[in-house]
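Any read-out appearing in this document is the output of simple, stated calculations on the displayed coordinates, not a laboratory observation. In this text, all values refer to a predicted model and were calculated from it rather than measured experimentally. Glycine gets a Cβ as well: all are built from the backbone with ideal geometry, and neighbour counts include every protein chain shown.
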Amino acid sequence: MNVHDAIENRRAYRAIEPISVSEELIKDLAYHASLAPSCYNNQPWRFVFVRSNEKLGELFKTLSSGNDWAKSSSLIVAVYSEKNYDCVIKEREYYLFDTGMATALMILRATELGLVAHPIAGYDHDKAKRALEIPEEAVLITLIIIGKHSEEATERLSAKQREVEAKRPPRKSFEEIAKIL
């Protein structure tokens, strides 16, 4: 699969089933994320790959009710960073942008491997940080729920979520997101 196809095929599906999570898969995803550009090559991103049943259970308790579907996952990646890990140029903080680029590359690599990598914001930030022993001063940016897309694994989805699964949500038009000068 080329980059274009990975971008086109990427979907934040919720109907997922567990996958076999090898150390090789984890290192592959981390490696591809590490290839992202960053200010002065600071590489401010940090990832916690959660695959143990015990830690997954702790994370599941932090999820909002709308993310109950994520409990079908056998791998969750916590993405975090700190402001002091990266450039601050005239009050512009780059760490979130740079970490976002690394996260996007990880998501595209997962897509290329035939996986779903669905970033979420619906979780208790502080409880998740404590469960994963993420430094207090760090920002837990997102949790990425990773699994295999399933047509059948819809029992945890709401009616609205099932509807969204069937068809890619509409994208904003060029005019809404860009301009040419």
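Which ³J(HN,Hα) values in Hz, rounded to whole numbers, follow from the phi angles of the stretch 16-29 under the Karplus curve 6.51 cos²θ - 1.76 cosθ + 1.60, where θ = phi - 60° and Gly and Pro get x?
3J(HN,Hα) across the stretch 16-29, in whole Hz: 10, 10, x, 10, 7, 10, 8, 4, 4, 4, 4, 5, 5, 5.
Note the count of lysine pairs whose C-alpha atoms are less than 16 angstrom apart in the chain, limited to pairs 8 or more residues apart or on different chains.
Details: Lys55/Lys71; Lys55/Lys127; Lys55/Lys129; Lys61/Lys71; Lys61/Lys127; Lys61/Lys129; Lys71/Lys148.
Lysine pairs meeting the criterion: 7.
With a Förster radius of 22 Å, plug the Cβ-Cβ distance of Ala166 and Ile7 into 1/(1 + (r/R0)^6) and report the FRET value to the nearest 0.05. Kindly include the intermediate steps, with their values, before the conclusion.
Numbers: r = 21 Å, r/R0 = 0.93.
E(calc), rounded to 0.05, equals 0.60.
In percent, how large is the relative contact order of the chain, given Cα pairs closer than 8 Å and 6 or more residues apart?
On the way: 286 pairs, mean separation 59.9, N = 181.
Reported relative contact order: 33 percent.
Between Ser150 and Ser52, what is the label-to-label distance in nm when each label sits 7 Å out along the Cα-to-Cβ direction?
So the label points at Ser150 and Ser52 sit 2.5 nm apart.
At 0.36 nm per residue, and after removing the present C-alpha to C-alpha distance, how many nm does the segment from Asn84 to Ser22 gain when stretched out fully? Intermediate values should be presented prior to the final figure.
Values: separation 62, 0.36 × 62 = 22.32 nm, distance 3.19 nm.
Extra length from Asn84 to Ser22 when fully extended: 19.1 nm.
Identify the residues of the stretch 11-52 with backbone N under 19 Å of a label point that sits 7 angstrom from the Cα of Lys127 along the Cα-to-Cβ direction, or state none.
Flagged as within label range: 50-52.
If you filter the stretch 93-181 for trypsin sites (Lys or Arg not before Pro), then keep DSSP loop positions with at most 14 other Cβ within 10 Å, what is left?
Numbers: sites: Arg109, Lys127, Lys129, Arg130, Lys148, Arg156, Lys160, Arg162, Lys167, Arg171, Lys172, Lys179; in loops: Arg156, Lys167, Arg171, Lys172, Lys179.
Answer by residue number: Lys167, Arg171, Lys172, Lys179.
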